[in-house]
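One structure is given here, and the rest of the page talks about it.
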Amino acid sequence: MDPLTCLSIVSSAAQLTDFIFRLLHCTRSIYQSGTGHEDSMASIEGVMASLIELNRDVSTTIERRLLDQGSNASSRDDGPRGDEPSRRIIATAQECSATATQLIRLLGSLKADKATLWKSFRSALRVMMNKEEVERLSSTVLRLQGNLIAHMQFELLESQSDLSTSVRKLNSWSQGCDSNFGRLVDKATQDVKAYFSLHIRPLEEQIEEILDSKVFAKQALPVVREALMDHMPPLSQRIADLIPHATAAMEGMEFLRKLSFGEIRTRHETIPDAHATTFEWVFKNRTPDGLHDIHFAQWLRAGRGMYWVRGKPGSGKSTLMKFLRQHKETNANLCQWSPQEKLVTSNHFFWNAGSALQKSQEGLFRTLLFDILLQWPEMIPEVQGLLSDATDPYNPWSATALSRAIQFVISRGLPVRFCFFIDGLDEYEGDHVKLIDVLKLLASSPNIKICASSRPWACFLEAFGNDAQTSLKLEELTASDIRRFVNDRIGGNSHFQRYSNNAEYSALVDEVVSRANGVFLWVALVVKSLLEGFTYSDRIKDLRRRLETLPTDLETFFSHMLRSVDSFYQQQSAQIFLFATEAVDELPVILYSLADEIDGDASRIVEVRNDLTLQTIEEDAEEMTRRLDGRTKGLLEVLHVPESGSRAAVSHPHARYRVGFLHRTVRDWLQAENVREAFRKQAGSDFDASLSLAQASTGFLRLLMTAYPTAMSEKSGAWLDRELAIIVFYIGRIAPSASETHGSELMRTLLRLVSSFMQSHMRDSALDGKRYVLLLLAVRYRLLWYVRTAEPILLTTTKRAELLASALNLIPGSASPGHACMGVSIDIVRLLLTEPGWCTNPNTAQIPGGFLWERFLHNLQEGREIFGLEHPELVELVAVMVSAGARLKGATPECTRWMRTHLFTPDDWDYILNSQPQNSARLASSFSSSPTVEEKIVERARQKREGSKGARGPKSSSDGTGSSCSSLGDTRKKKKKKSSMTLWPWK
């Protein structure tokens, strides 16, 4: 039970016992009901009413807690503090309630007596109880009050500790933002603590003496009674005043916890810090060589709109953006722009190799909104209400809803100004033109400015221009920084120091700088090679020849590096690169270790290690660093994610060490189709990266179940669902020739693991829920062979509708590995619509937010890319839906116009409308003839497409340098870019 709930129970019980205590020790006269006395507290009836009301408050609070306990029975661990304090508090409160109930019964008997005037309530009780019983009652109430005071003090400290811990976590995620959460509850908490220190603590020893003494200390009783009567009401009131503040803060932090995501700071944390004293010129008026004017600081102080940092791949854009975000000069200059208004800052680093949220608008908006509300928590209730009203049940954090929430916050007309730093616009996965429009719309406000960075693609050049007042070209400005970096790295080498006065060595540094062309990544790789030469005592002519053999083009340089891989490791090297590029995110080191241990043999999944301690994790990281150095030559590296970078890193040590690409340019090169094809040949025909990932992920799930059973079972197993989604996703990507054989074996292993875990750590009834989760994932990730094994008769109509919606990609995969969408499987859709036992009616099937068919038509018009299909398959999908009874007459005029223009000929359209069943009876009979209808529709559509180009997918506009800005975003079947490399390293 959380401390705030405990405080609420204690506060209610304290008010009840205080009322009883006053009754027992008050000397006022009391009347039997019906005397006409106006003072309710002077009548038996008034006392009863007050007692009943106070007792009801205590009972209701306890009942809510017990109901919460029942609903959370799936988790058998209440956390590190345990549940013993909660049980003691409930027991004390229940005893208070029982005492009140006893008095209410006695009062009922007194009320039935004839009209009587008693000197006091105590004397009235003597009518029903003897003197000893009244004294025992008084002693009981005193003991309960003492216990409640102790509980109050403990829970107050616990609640403050909980709040402080939560605030510290939020502040660590905020990367230096000035969070106001502490101030929301600090005043009320300090008020209660001060009252405790001044008035309550001096009484604690007296209370303990009275309660512990074998002989009741009558002489001390009046003093303690008087003190309690004086201090309990104001203390209870202070507790009551604290709870709303603390509750609001906790609710706000819980909302921010949900709004945040595990990788919200990961990319920022893994970007290397700027080399000492580099980039300082950005806050000056000119570069050190005096050749270029810099206007960034002026823009911070007085500019508006967008500031664009552009640069070639590897030129250091992300490092500069991190430098700007963290440097004290940035905030100092912004404060001049916002001298009177509150200043709110935020940063988001797009990362194409990361999770879906690291490369999407949704991730951008969640980061911005998180930072805004963390620094401006007063807005949380309004934003929370706004999002709850507009939330799509299947997509609680849609980009549209989040965008509206941000617009709502920034348009309030309050004295607040915002500055956002957004890195890597070119790493956004989607329509870059739309992203530009969103940013320019935000920056059009006089209270918002945005500093963004990207490669110089055509769409960004067109949008942001070449104005030196609001942009800089990074590779033209870093010559002095590169020279400093080279001098510091090479100059620190003892071999070089012996020849530091040799002009030829100085000329070597000059040549590195001149050949770099502003590309820091190239410089870092060259310096590493030269330092390796110093290790082997290369002479100046050797170093010069080494430099001359190094290509200046990055892709050719990468190929050159792989040529040096030992032939013994070349197959492993290819397998590691395929494993890394097939993954949807940067993986923990443990996944690579498990892949090595399993080595393609699924039977080893249950035999691999059982330990996941910090020591073994660090040992794995050290070993993997050496393995990657020998097999990838540094193109893949072990990254250490600081604890403040991600929630997962704080709670789960395995997330602290991940394998990542040296740079985004490395990943781009590795994903070129000709490079991947060469890797596949070298890896061996029996190696399947997706299968290896699925097996390693299954082994990882087994480890997680052993190491973190509580986390895996909390909140109905949400974390478990995510791990299952990742595994099934990889199973869905196994080569078709091996999919059913290896996939079915893995699915059986998953079911065994989940069944065993459920029996040990969750309710038995939850097992059926996890079986359904696996079926839902199989539908989403196109495992037709697994879906055929399901028994639809055991599924409710709602679940069958949900499965069809998932098959049509109408349900965003909240537990899935991001937006890694696999195109709709028409075979699975057909099965769910027409196979015996399924026969889901697309017209009447309901999903949260409306009818399934209406959602399908909406997405067909507004966001058909979610189907992941080329035009012919999209036509076939519509035909399958229509032949199963879907009514096209329900489409909006815009959707109808689009389908008639792009999908069907007028004859096709009339034929489709006339072929639809008009009622449920005809709908049922249509299933038998649906293939014929469908075939005719598809054939007519294909005949039309043979003579026209049709809608063939996304187009792109070149920037003249081989880069592009997508106009519709990437799709599943978009071809990979070919590398400019013509000779594979191993050939």
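So here's what we get for this one:
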item	result
Residue match in the stretch 806-817 (condition: open to solvent by 40 Å² or more (accessible area, probe 1.4 Å) and modelled with pLDDT under 85)	yes
Failed criterion for H275 (all others in (1) surrounded by 20 or more Cβ atoms within 10 Å (Cβ to Cβ); (2) at pLDDT 90 or above; (3) not aliphatic (A, V, I, L, M); (4) not in a helix (DSSP H, G or I) hold)	(1)
Matching residues in the stretch 558-572 - criterion: being over 21 Å from T665 (Cα atoms) and either surrounded by 11 or more Cβ atoms within 10 Å (Cβ to Cβ) or among the hydroxyl-bearing types (S, T, Y) (or both)	S567, Y569, Q570, Q571, Q572
Filtered residues of the stretch 666-675 (kept if open to solvent by 10 Å² or more (accessible area, probe 1.4 Å) and in contact with a helix residue (DSSP H, G or I) (Cβ under 8 Å, 6 or more places away or on another chain))	R667, Q671
Residue within the stretch 456-470 that is part of a loop (DSSP other than H, G, I, E, B) and in contact with a Cys (Cβ under 6 Å, 6 or more places away or on another chain) present	yes
Members of the stretch 502-522 found to be among the hydrophobic types (A, V, I, L, M, F, W, C) and under 14 Å from G491 (Cβ atoms), listed by number	L508, V509, V512, V513
Unique match (being under 21 Å from the mean Cα position of the chain (by Cα), of a type in the set (A, V, I, L, M) and over 22 Å from R265 (Cα atoms)) among L386, L373, L441	L386
Of all residues in the stretch 673-713 being part of a helix (DSSP H, G or I) and among the hydroxyl-bearing types (S, T, Y), the one that is nearest to A735 (Cα to Cα)	S690
Residue selected from the stretch 731-763 under the condition small (G, A, S) and surrounded by 15 or more Cβ atoms within 10 Å (Cβ to Cβ), by the criterion nearest to F579 (Cα to Cα)	G732
Breaking point among (1) surrounded by fewer than 24 Cβ atoms within 10 Å (Cβ to Cβ); (2) closer than 16 Å to F757 by Cα, for A678	(2)
Candidate set from the stretch 879-895 (those that are crowded, with 17+ Cβ neighbours inside 10 Å and without any contact (Cβ under 8 Å) to a residue 40 or more places away in the chain); member that is nearest to I828 (Cα to Cα)	L888
Listing of helices (runs of 4 or more DSSP H) fully contained in the stretch 346-429 that carry 2 or more residues being at negative phi and surrounded by fewer than 21 Cβ atoms within 10 Å (Cβ to Cβ)	380-390, 399-410
Of residues in the stretch 472-502 being assigned to a loop (DSSP other than H, G, I, E, B) and of a type outside the set (D, E, K, R), the one most open to solvent (accessible area, probe 1.4 Å)	N501
Test: residue in the stretch 733-743 that is in a helix (DSSP H, G or I) and under 25 Å from the mean Cα position of the chain (by Cα)	no
Residue in the stretch 349-357 that is out of contact with any strand residue (DSSP E or B) (no Cβ under 8 Å at 6 or more places or on another chain) and aromatic (F, W, Y) present	yes
Checking R544 against (1) open to solvent by less than 60 Å² (accessible area, probe 1.4 Å); (2) within 24 Å of G492 (Cβ to Cβ); (3) of a type in the set (D, E, K, R), the condition it does not meet	(1)
The stretch 282-303: number of residues that are surrounded by fewer than 20 Cβ atoms within 10 Å (Cβ to Cβ) and either of a type in the set (A, V, I, L, M) or at pLDDT 90 or above (or both)	11
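Table: residues versus (1) assigned to a helix (DSSP H, G or I); (2) touching a residue at least 12 places away in the same chain (Cβ under 8 Å); (3) buried (at least 19 other Cβ atoms within 10 Å of the Cβ).
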{"site": "E504", "(1), (2), (3)": "yes, yes, no"}
{"site": "S514", "(1), (2), (3)": "yes, no, no"}
{"site": "K528", "(1), (2), (3)": "yes, yes, no"}
{"site": "E532", "(1), (2), (3)": "yes, no, no"}
{"site": "D538", "(1), (2), (3)": "no, no, no"}
{"site": "E548", "(1), (2), (3)": "yes, no, no"}
{"site": "T556", "(1), (2), (3)": "yes, yes, no"}
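The values are calculated or read from the model by the stated rules, or taken from the named source; none is laboratory data. Just so it is clear, the structure is predicted and the values come from calculations on it, not from any experiment. Quick reminder, even Gly has a Cβ in these numbers, built from the backbone with ideal geometry, and neighbours come from all protein chains shown. Surface accessibility is based on the protein's heavy atoms, side chains included, excluding ligands, DNA and RNA. Shrake-Rupley method; radii C 1.70, N 1.55, O 1.52, S 1.80 Å.
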